[in-house]
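Single-structure report; data block below.
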Amino acid sequence: MRRYLVAGNWKLNLGPGAGRDLASAVGERLRGRTLHGDVLVCPPFVTIPAVATVAKGDPVMLGAQTCSAHENGAYTGEVAADMLKEAGVQYVIVGHSERRQYHRETDDEFRAKIDRVHAHGLKAIFCFGELLDERQSGRAEEVVRAQLTGVLPRLEGPNAYNLVLAYEPVWAIGTGETATPEIAQQVHAFSRAQVAEILGADVAANMRILYGGSCKPGNARELIGLPDVDGGLIGGASLKAEDFVGIVDGAEAAVG
Ligand code: 13P
């Protein structure tokens, strides 16, 4: 049985004060409840220490939105995986479409970042997903396959527990438009089959594949209840405690 993961990607929102307030509001709502999955928040780097004071494990874990592909050295502006670990981070998002689009990050960098994350005992959440025109021209699966085969076969030590995948169709991110359950299930099953080919059937059976793209309390139960959807990567709706916890409630209802 795969445990669900509901992960909030705060993107470029919330400084230390507001971030701590949100994380403690989420923690208060969840504390004392028996959850059947995991809950994670991924603040901006500078907000991580403040959030760590209230969310560094049970019931809310702490993640980062990216990390350096390098271990240390002359890389101005970068933050290394071991620094994040020291700050209390357990998960690092890699390959988000906004990093692909605005920072021109490549498969080589994703692979190096995931290897750095794994080298320090952290877990990576690797994002992938097609653009609108790629879907409209019938190339969604081809794009997804290229994104997965460009990174997964070349990793040093991936397994079902240190790597989480996140399918985020770019046309659904921040648009209010959600993938239909049919599309989500189809791409998730296709992705799991790719993982089976690359890393083996056992790894594929246990690896969590999250859905991301306009996930909200109203659709979380249906999406996370799909056979190959193991949780959500949440942008906008992770910025309000009520909405984010509403999605956790949806996940609980989906597995319960
Ligand atoms: P939204 O939930 O705002 O669509 O963002 C999804 C996302 O990009 C999470 O990483």
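Data table
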read-out: Any hit, the stretch 184-200, residues being within 16 Å of the ligand (Cβ to nearest atom) and open to solvent by 30 Å² or more (accessible area, probe 1.4 Å); value: no
read-out: Criterion (open to solvent by 30 Å² or more (accessible area, probe 1.4 Å) and either within 16 Å of the ligand (Cβ to nearest atom) or modelled with pLDDT of 95 or more (or both)) met by exactly one of GLY213, GLY176; value: GLY176
read-out: Selected residue (only one of VAL229, VAL255 is farther than 22 Å from ALA23 by Cα and more than 15 Å from the ligand (Cβ to nearest atom)); value: VAL255
read-out: Residue in the stretch 147-164 that is within 16 Å of the ligand (Cβ to nearest atom) and open to solvent by less than 10 Å² (accessible area, probe 1.4 Å) present; value: yes
read-out: Of residues in the stretch 19-53 being open to solvent by 30 Å² or more (accessible area, probe 1.4 Å) and closer than 23 Å to GLU98 by Cα, the one nearest to the chain's Cα centre (by Cα); value: PHE45
read-out: Filtered residue count, the stretch 165-216, keeping only those that are more than 23 Å from GLU98 (Cα to Cα), part of a loop (DSSP other than H, G, I, E, B), over 16 Å from the mean Cα position of the chain (by Cα) and in contact (Cβ under 8 Å) with a residue 40 or more places away in the chain; value: 0
read-out: Residue count for the stretch 117-141, restricted to those that are part of a helix (DSSP H, G or I) and crowded, with 23+ Cβ neighbours inside 10 Å; value: 1
read-out: Test: residue in the stretch 79-93 that is hydrophobic (A, V, I, L, M, F, W, C), without any contact (Cβ under 8 Å) to a residue 60 or more places away in the chain, surrounded by fewer than 17 Cβ atoms within 10 Å (Cβ to Cβ) and more than 27 Å from ALA18 (Cα to Cα); value: no
read-out: Residue list for the stretch 225-240, restricted to those being open to solvent by 10 Å² or more (accessible area, probe 1.4 Å) and assigned to a helix (DSSP H, G or I); value: GLY236, ALA237
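The values are calculated or read from the model by the stated rules, or taken from the named source; none is laboratory data. Just so you know, these numbers come straight off a predicted model, no measurement behind them. Note that each Cβ is placed from the backbone with ideal geometry, even for glycine, and that neighbours are counted across all protein chains shown. The area values use the complete protein model at the heavy-atom level, side chains included, leaving out ligands, DNA and RNA. Shrake-Rupley method; radii C 1.70, N 1.55, O 1.52, S 1.80 Å.
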